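Here the structure is laid out as structure tokens; the discussion comes afterwards.
The values are calculated or read from the model by the stated rules, or taken from the named source; none is laboratory data. Here the structure is a predicted model, which means the values were calculated and not measured. FYI the Cβ positions are ideal-geometry reconstructions off the backbone, even for glycines, and counts take in every protein chain you see. Surface accessibility is based on the protein's heavy atoms, side chains included, excluding ligands, DNA and RNA. Shrake-Rupley method; radii C 1.70, N 1.55, O 1.52, S 1.80 Å.
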Amino acid sequence: MTVIPLETPADGSTASTTAPRSSRLRQPRGGARGYWWYLVPIGIGFTLIVLVPFITNLYISLFQWKGGLAPMRWYGLGNYIDLFHDELFWSSFQNTIVMIGALVVVPTLIGLVIAAVLFDYIGRKFRGGVASFLRATFYLPQIVPIAVAGVIWSWVLNTREGAINSFLGIVGISGPDWLGDPKLALYSISLMLIWGQIGYPVVIFMAALQRLDPELHEAAEVDGAGWWRRFVAISVPQIRPEVFIIVLTATVGALKVFAPVLILTNGGPESSTYVPSYYSYLNFFQLSRVGYGSALATVLTLIIFVIALLLLWWQRRSIARAEG
């Protein structure tokens, strides 16, 4: 605290008061408003890349249009009404449930176990470089271009000369038509998605496990808790934020699956592998129903937005429960 002399009264005495040193510091001009300038590049990028295309797409969805120089005929909400009566639209969303299982549920569970084994067992029993090498090996499919991955899996699932059916033929089993059977094609695509997705949760979970306090595991081990019990009761609850991140990003990715369907089956056989993004593409570029394709894309965007909000709400509620 600093004593600051004030004006001298008429009787010659000196009045003084105390004031915090911080009150005499020079305040920056503009205050917190100056920090908003850092959001300008993000705002410009969001407007040009997300907002403007979305509004344009929403506008086109109100017309019947074949694209190009063809005339646009006002249709209002007709495309959306037609969409909700379209069986292919609903079946494509049913197929999305399988995509969520292939990109969210299965890789997250398998990746969690693999990360725990690499961190708790291999990383301690062997050198840390062994665990790092295996982690990079699991992550390798993530950096393989989707076109290359599609060619690889087209060969793996090939009916006559594919790797799987060739192996089954050695043991005397006639392999099925993985990509040509309407009952198997969607699950065959799921195999490729699982293969490509497992490395993502493995890397995230291994990084999360490194921040855990080892004393918790040591105390539990002294009390007689086995590895699985320590993993379920200590490790999993501590890495809940990372689990949420993986679930959120993978769910959004599952709703947007497109390239694997296009490369492996092209939507077939008999439209059994249609997903919303591919069905929208089909109407845009092959059926020349641009307005209807725009309506599909708009609905898909809104669904992704709502699901993301629900997941964020679920995360905040989980955090509030844990802290309460």
Here the residues within the range 211-236 that are surrounded by 10 or more Cβ atoms within 10 Å (Cβ to Cβ), free of Cβ contacts under 8 Å to residues at least 60 places away in the same chain and closer than 23 Å to SER318 by Cα are LEU212, ASP213, LEU216, ARG229, ARG230, VAL232, ALA233, ILE234
query = Just wondering, is there one or more residues in the range 178-195 that are free of Cβ contacts under 8 Å to residues at least 40 places away in the same chain, of a type outside the set (A, V, I, L, M), surrounded by 12 or more Cβ atoms within 10 Å (Cβ to Cβ) and not in a loop (DSSP other than H, G, I, E, B)?
reply = no
inquiry  = Is it the case, given these coordinates, that LEU312 is in a helix (DSSP H, G or I) and either modelled with pLDDT of 90 or more or more than 23 Å from the chain's Cα centre (by Cα) (or both)?
reply    = no
LEU88 fails exactly one of (1) touching a Ser or Thr at 6+ places or on another chain (Cβ under 8 Å); (2) among the hydrophobic types (A, V, I, L, M, F, W, C); (3) open to solvent by 90 Å² or more (accessible area, probe 1.4 Å), namely (3)
Among residues of the range 265-281 being part of a helix (DSSP H, G or I) and in contact with a Ser or Thr (Cβ under 6 Å, 6 or more places away or on another chain), the residue surrounded by the most Cβ atoms within 10 Å (Cβ to Cβ) is TYR279
Picked from the range 208-219 (must be assigned to a helix (DSSP H, G or I) and at pLDDT 85 or above), the residue nearest to ALA116 (Cα to Cα) is LEU209
Yes/no for THR47 being open to solvent by less than 100 Å² (accessible area, probe 1.4 Å) and either modelled with pLDDT under 70 or more than 20 Å from SER280 (Cα to Cα) (or both): yes
Looking across the range 114-170 at residues that are polar (S, T, N, Q) and surrounded by fewer than 19 Cβ atoms within 10 Å (Cβ to Cβ), the single one that is nearest to GLU221 (Cα to Cα) is SER132
task = May I ask you to verify whether ALA116 is among the small types (Gly, Ala, Ser), on the phi < 0 side of the Ramachandran plot, in contact with a helix residue (DSSP H, G or I) (Cβ under 6 Å, 6 or more places away or on another chain) and at pLDDT 65 or above?
result = yes
Residues of the range 285-299 being open to solvent by 20 Å² or more (accessible area, probe 1.4 Å) and in contact with a Ser or Thr (Cβ under 8 Å, 6 or more places away or on another chain), in sequence order, are ALA297
Here the residues within the range 117-136 that are touching a residue at least 40 places away in the same chain (Cβ under 8 Å) and under 22 Å from the mean Cα position of the chain (by Cα) are ARG135
Taking the conditions exactly as written (out of contact with any Asp or Glu (no Cβ under 7 Å at 6 or more places or on another chain), buried (at least 19 other Cβ atoms within 10 Å of the Cβ) and not hydroxyl-bearing (Ser, Thr, Tyr)), does PRO241 satisfy them or not?
no
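This table checks each residue for (1) out of contact with any Lys or Arg (no Cβ under 7 Å at 6 or more places or on another chain); (2) exposed (fewer than 14 other Cβ atoms within 10 Å of the Cβ).
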position	(1), (2)
ALA207	yes, no
PRO260	yes, no
ASN283	no, no
ARG316	yes, yes
GLU323	yes, yes
The residue that is nearest to ILE204 (Cα to Cα), considering only those in the range 70-129 that are part of a helix (DSSP H, G or I) and among the charged types (D, E, K, R), is ASP120
